[in-house]
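Each remark here refers to the structure printed beneath this line.
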Amino acid sequence: MTRIRQFIQLKTELPGPNSRALIARREAAMPAGYGKATDIAVRRAHGALVEDVDGNVLIDFAGGIGVLNVGHTPPEVVAAIQSQAEAMIHVCGLVATTEPHVQLAEKLNAIAPISGAKKAMITNTGAEAVEQAIQIARVATGRQAIIAFEGAYHGRTLLTQTLTSKYALFKKGFGPFAPEVYRAPFPYLYRTAIGADLSEAQRVELVWEAFERFLVAHVMPEHVAAVIIEPVQGEGGFIPVPREFMRRLREICTRYGILLVVDEVQCGFARTGKLFAIQHYEVEPDIVVMAKSMGAGMPIAATVGRAEVMDKVHLGGLGGTYSGNPVACAAALQAIALIERDDLCTRAAYLGGIACERLKRMQERFALIGDVRGLGAMLAIEFVEDRASRRPLSPEKTVAVVRDLARNGVLAIRCGLYSNGLRFLFPLVIGEAQLHEGLDVVEETIERASR
């Protein structure tokens, strides 16, 4: 039964005629390989609502793929952008120094979950910040090998694409890739020892034993510069790293002088109920990579690490034309201020609890939902053809669910190593009534898919 909508307003079928026209122009002007989750064309957005070019209003559960924790067009961020743009748009940090650039570096050093002296290198994208972290780690340790994990997503540059898993979608035809990158098994416990009657602790033990064999069979730890890991895998399916696995990983990195790099690009800035997801663990990284919601929609990222590590790079070894762009820095400073002022960490935990409870109830109703997981307001459901075998739902059927959601007023995107997950990244400023209305649409859509 379709419930009455208070926030979703559908004036045309979706996509409407103006959306279809703009999408046709996009497809004529842009490469076929540039994907899109929906055929919706957006004209304006505010908070957790977006209005398309046909006047339809939808609820946003994608949040710009984790970019909009503070919501669309927060007035304070808009004002900061306008004020800075009037004063200066660009000068280049390699040429001169600006107040917003320095102020943001100071702020990131203050909030990064690393003890002691820190330094921040501000860049434009998460991929650039990840690549920079790897470069710094190699210089700091004098080693070359990097360990990444199955299911990881770290970007689309040559090096970060090498680090990224999910070959067919992101890497097919693009090789050869960068050398000295080794891929280890990730504790994807839902798919560890399927059918076996094992506890979570036993499954973690199995994956850890595989990791220890990996350090014998694939690369020796004394050769490794860094291990890079997402505390909650994003594209891989919103899978939180088990606490015991993360503790052991930190321990082995310390033992062998390996730098622990945590990629907080998607899970950072209050999304999981902490400012950074690694704060859920009693573990300190050596380098933190951050981006996305750091800038409230502006392209900005950062690599923050222990000062003695960051300072190992030679003069001139770090930089970029747009690094520390003052407009993007002004937006980031205001976005961080809003996260702190409005205690969005607490709000993420609260909203995540509401959403998780409803998704668990849906799991009880629909055999299509194999797993519900995540941390805070970073949640996903994994669709399966069969619960016993856990055979993944096909990507085509998952895409059909996403497109049906869009037709009924909710923007969302898929995720998962098998492209069979639905991720939830609603802005943390979403109202409870808006959240429930969006979840109503999710439930109705899954009900149709189940039939």
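The numbers here are math on the coordinates, done by the rules we state, and not lab data. In this text, all values refer to a predicted model and were calculated from it rather than measured experimentally. Counting neighbours? That spans all protein chains shown, and the Cβs are built from the backbone with ideal geometry, glycine included.
Annotation: aspartates and glutamates with alpha-carbon distance below 19 angstrom to K360 (same-chain offsets under eight excluded): E200, D371, E382, E385, D386, E432, E437, D440, E443, E444, E447. Restricting region 149-219 to trypsin sites (Lys or Arg not before Pro) that sit in a DSSP loop and have at most 10 other Cβ atoms within 10 Å of their own Cβ leaves K172.
For region 1-137, taking Cα atoms only, Rg and Dmax work out to 20.2, 61 Å respectively. Tell me whether region 58-118 comes out rounded, prolate or oblate; compute the Cα gyration tensor, take square roots of the eigenvalues as a ≥ b ≥ c, and use a/c under 1.5 as the rounded threshold. Since a/c reaches 1.5 but b/c is at least a/b, the shape of region 58-118 is classed as oblate. Ellipsoid fit via the Cα gyration tensor, region 113-199: semi-axes of 27, 19, 13 Å, each the root of five times an eigenvalue, largest first. Each Lys and Arg Cβ is given +1 and each Asp and Glu Cβ -1; about its Cα centre, region 175-217 then shows a dipole of about 180 debye. Under the simplified labelling scheme, the I65-L94 pair shows an inter-label distance of 2.6 nm, with each label point 7 Å from Cα along Cα→Cβ. Dipole check for the chain: with +1 at the C-beta of Lys and Arg, -1 at the C-beta of Asp and Glu, and the Cα centre as origin, the magnitude is about 740 Debye. Residues within the reach of a label modelled at A168 (point 7 angstrom out along Cα to beta-carbon, backbone nitrogen below 12 Å), restricted to region 389-413, are 392-397. Rg and Dmax over the alpha-carbon atoms of region 199-331 stand at 16.6, 51 Å.
Helix screen, the chain: DSSP H segments with Cα axial length of 30 Å or more and mean Kyte-Doolittle hydropathy at least -1.0 are 344-365. Taking the three principal axes of the alpha carbon atoms in the chain, the coordinate ranges are 63, 61, 43 Å, sorted in descending order. In the chain, a dipole from Cβ-located charges (positive for Lys and Arg, negative for Asp and Glu) runs towards its positive end, and of L368, L315, G126 it is L368 whose Cα lies farthest in that direction.
If you take the alpha carbon atoms of region 76-341 and fit the smallest convex hull around them, that volume is 136 Å³ per residue. The charge dipole of region 76-341, taken about its Cα centre with unit charges on the Cβ atoms of Lys, Arg (+1), Asp and Glu (-1) only, comes to about 340 debye.
Placing a label point 7 Å from the Cα of K312 along the Cα-to-Cβ direction, the residues of region 144-159 whose backbone N falls under 19 Å of that point are 144-148. Summary value for the chain: 23 percent relative contact order, contacts being C-alpha pairs under 8 angstrom separated by 6+ residues.
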